[in-house]
Amino acid sequence: MSSLGQNTASHSQLCPQACCCPTPFFNSPTSQNTSASKPRTSSAECRHSFAATTAASIFPNAQFTDHESLPSLLESFSEFCKVYPQYFETEHVDQLRAKEYCHLSASDHTCLDYIGIGLFSYYQLQNQDAAKTQVASSSIPGTLSSTAQNSDIPFFSLSCKTGNLKTLLLHGGKESEFESAMKKRIMGFHNVSENDYLMVFTANRTAAFKLVAESYPFQSSKKLLTVYDYESEAVEAMISCSEKRGAKTLSAEFSWPRLRIQSAKLRNMIVRKRKKKKKKGLFVFPLHSRVTGARYPYLWMSIAQENGWHVLIDACALGPKDMDSFGLSLFRPDFLICSFYKIFGENPSGFGCLFVKKSVVSKLEASSSAGIVSLVPERRLFQLEEDSSGTDAEPEQKSLPSLQEDELASLSFFSGPTQISGKLEEGEPSELPNTVASAEPLAPKPSAIEETHNPTETLQIKRAKGSENGGFDIDCRCLDQVDSLGLTLITSRTRYLINWLVNSLLKLTHPNTEGVPLVKIYGPKVRFDRGPALAFNVFDWKGDKVEPVFIQKLADRSNISLGYGFLHNLWFADKYAEEKGRVLQTKEGGSHGVKAHKKKDRHKLGITVVTAALGFLVNFEDIYKLWAFVARFLDADYVEKERWRYTALNQKTIEV
């Protein structure tokens, strides 16, 4: 995007919103303004100023009723930079994208279908073929040439691990130096102390949630309380498993139309009078919604802990470096789950990580280890492949003592990147995935980014052999890059982009006298502290909703990958009773009707939505393309023509 920047205002412009002020560490669910004596530059004033200035400065007093009347990309970017001049301070991200993730521009494909972070860059992906060729041409069978040993082989595979979660946590098990090094790297990235927590790799996010549900002592701590405004495959699997084990499941509710947590109800569920001093159960808390972008007060965790709950933090929706502001040493959750999926826009495979506080392990119950995996470095896979030469592999297994027998039992090789449209939650594979890792890389030619004089901006972090990473030079290129960019820069960039997008979408209005809005956004609108995710629906000129899956398919044709979600656990005040009957539906799009008022069916009702998520590499052109695509629905003929085409081609919607 730096080329667009040449057409904009000077880098030296001051930020009129003081939008460099920090994101608040946490807010109380019952917070009150006790800072009357604080100056006007307080963080609260800054956040208010940011939202007000954004709404007043981006297309002020404008309503777009025709997609052809939208300002051009360059015009829009110029105005964007006048409102957010500090966006220029994030130009290192654009340079990084051009060098390490060139496929994003080369493929002309806009990826807005998941929140998450990969371990490695596309730069590493490009080197795989050269590395494999070097391995194949090695002069000594079964070994790697010195060049190949130093090449950038960014892959590993996963294999199932036997035993149960409690035993593996208490007594560990044989693991390769590579796997140990990867654990240290990931724990370091999340600021998780090895003195306090143990960790296992899981096949995916859902597997991690199920492992907790299967091991948690629901016989003595009977409740499971979750806080999600959307339906999550992983959370639903946890709820189902917990109920089978006798747990009583509870869910927070979110008030219509702003989808804020119903604080009074949640507090009552947390602080109900407890008998004796036993733990009440498990409180599952995401730091923010990965669908609506709503952020939740961290003090809910403290309230739960003070009232006898174990706490599981779902960190899967966090952006890069968000754990830097979490304050893990203050809250010290009993469980924490994170996941790594995709090289941005590539390779849907990945894995999850489950962290368990050491003081909790002894309280877990023995259970199946289904979903626990080992990481097998691909360098050893090459070695095994060369040694076996199509013969019995038993002798070769003995020659690889650091590979466990169960690791060898389910080796699988990654066959290359595949482009997907994000229909599964966070790109999770439904089966045991392959994923990517790196061996020791060749030193790349220095780029403009790497030649910076500021050591904190260096985007290539090297780790010497014999270091804390178990003797491996682990080059998790994507993690190293965001470590160098830092929390403030990444958060500021996505803040500017998501708020511009929200504001611009709300400017689209049908060209009729009623002025029916084209887009309805669920959850927070323009806010300083909103997350980089967006849930919305498109409505035609009559006010009827255009089905999200249909929009998703049309976006695919325009090379834009969008997600699909189902908002639920919604609470409607009496004044919204009529609206409740209109908007609620089943996930399959069934009728609203009488079932909407039956208590037993409430969990089946919600709102299907289109979702967009902004990763740290998303740029202005990506969000402009989405805006221009959605604006096409202002043309009634476009909608009808595409509906007819969709039906004529007998295209089926994708079950999610």
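For Ile303, the requirement of being among the β-branched types (Val, Ile, Thr), surrounded by 23 or more Cβ atoms within 10 Å (Cβ to Cβ) and touching a helix residue (DSSP H, G or I) at 6+ places or on another chain (Cβ under 8 Å) is not met. Confirm whether Ser251 is surrounded by fewer than 16 Cβ atoms within 10 Å (Cβ to Cβ) and in contact (Cβ under 8 Å) with a residue 40 or more places away in the chain. The answer is no for Ser251.
Checking the stated criteria, Ser242 turns out not to satisfy the condition of being surrounded by 19 or more Cβ atoms within 10 Å (Cβ to Cβ), farther than 20 Å from Leu336 by Cβ, touching a strand residue (DSSP E or B) at 6+ places or on another chain (Cβ under 7 Å) and of a type in the set (Gly, Ala, Ser).
Here Ser37 does not fit the description of being modelled with pLDDT of 85 or more and of a type in the set (Ser, Thr, Tyr). Here Gln128 meets the list (1) buried (at least 17 other Cβ atoms within 10 Å of the Cβ); (2) more than 30 Å from Gly350 (Cβ to Cβ); (3) modelled with pLDDT under 75 almost entirely, failing just condition (2). Only a single criterion out of (1) within 21 Å of the chain's Cα centre (by Cα); (2) without any contact (Cβ under 8 Å) to a residue 12 or more places away in the chain is not satisfied by Leu330, namely (1). Given the structure, is Leu282 at negative phi, in the same structural domain as Ile270 (by TED's automatic domain parsing) and in contact (Cβ under 8 Å) with a residue 40 or more places away in the chain? Yes: the conditions hold for Leu282.
The one condition from (1) over 30 Å from the mean Cα position of the chain (by Cα); (2) modelled with pLDDT under 90; (3) farther than 16 Å from Arg493 by Cα that Ser31 does not meet is (1). The set of residues in the stretch 644-656 being farther than 14 Å from Pro548 by Cβ and at pLDDT 70 or above consists of Trp644, Arg645, Thr647, Ala648. Counting only helices (runs of 4 or more DSSP H) that sit completely within the stretch 260-339, those holding 1 or more residues that are of a type in the set (D, E, K, R) and modelled with pLDDT of 95 or more correspond to 263-271. Could you please let me know if Thr202 is under 18 Å from the mean Cα position of the chain (by Cα), surrounded by 22 or more Cβ atoms within 10 Å (Cβ to Cβ), under 30 Å from Phe254 (Cα atoms) and in the same structural domain as Phe355 (by TED's automatic domain parsing)? No. Total residues in the stretch 189-199 satisfying the condition of being on the phi < 0 side of the Ramachandran plot and either surrounded by fewer than 16 Cβ atoms within 10 Å (Cβ to Cβ) or without any contact (Cβ under 8 Å) to a residue 40 or more places away in the chain (or both): the figure is 4.
If you go through the stretch 291-322 and keep only what is closer than 21 Å to Leu485 by Cβ and among the aliphatic types (A, V, I, L, M), you end up with Ala315, Ala317, Leu318.
Listed here are the residues, each with its yes/no results for (1) within 30 Å of Asp475 (Cα to Cα); (2) assigned by TED's automatic domain parsing to the domain that holds Gly565; (3) touching a Cys at 6+ places or on another chain (Cβ under 8 Å); (4) outside any helix (DSSP H, G or I).
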residue	(1), (2), (3), (4)
Ala51	no, yes, no, no
Glu79	no, yes, no, no
Gln86	no, yes, yes, no
His92	yes, yes, no, no
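A Cβ distance below 6 Å, combined with a sequence gap of six or more or placement on separate chains, defines the contacts here; from the stretch 534-552, residues that are not assigned by TED's automatic domain parsing to the domain that holds Leu259 reach residues that are of a type in the set (Phe, Trp, Tyr) and in a strand (DSSP E or B) in the pairs Ala535/Tyr522; Lys545/Phe539; Pro548/Tyr564; Gln552/Tyr564. Scan the stretch 54-74 for residues that are farther than 23 Å from Ser492 by Cβ and assigned to a helix (DSSP H, G or I) and the total you get is 3.
Under the condition of being surrounded by 22 or more Cβ atoms within 10 Å (Cβ to Cβ) and at pLDDT below 90, the residues counted in the stretch 350-368 number 1.
Quick one: would you say Lys587 is out of contact with any Leu (no Cβ under 7 Å at 6 or more places or on another chain) and at pLDDT below 90?
Numbers: out of contact with any Leu (no Cβ under 7 Å at 6 or more places or on another chain): yes; at pLDDT below 90: yes.
In short, yes.
Can you tell me which residues in the stretch 491-520 are hydroxyl-bearing (Ser, Thr, Tyr) and within 12 Å of Ile623 (Cα to Cα)? If the condition is that a residue be hydroxyl-bearing (Ser, Thr, Tyr) and within 12 Å of Ile623 (Cα to Cα), then Thr494, Tyr496, Ser504 are the ones that fit. Every residue in the stretch 348-378 that is within 23 Å of Ser221 (Cβ to Cβ) and either polar (S, T, N, Q) or without any contact (Cβ under 8 Å) to a residue 60 or more places away in the chain (or both), please. Ser359, Val360, Ser362, Ser367, Ser368, Ser369 - these are the residues of the stretch 348-378 that are within 23 Å of Ser221 (Cβ to Cβ) and either polar (S, T, N, Q) or without any contact (Cβ under 8 Å) to a residue 60 or more places away in the chain (or both).
The values are calculated or read from the model by the stated rules, or taken from the named source; none is laboratory data. All values reported here derive from a predicted model rather than from experimental measurement. Neighbour counts are summed over all protein chains in view; Cβ atoms, including those assigned to glycine, are modelled from backbone coordinates with ideal geometry.
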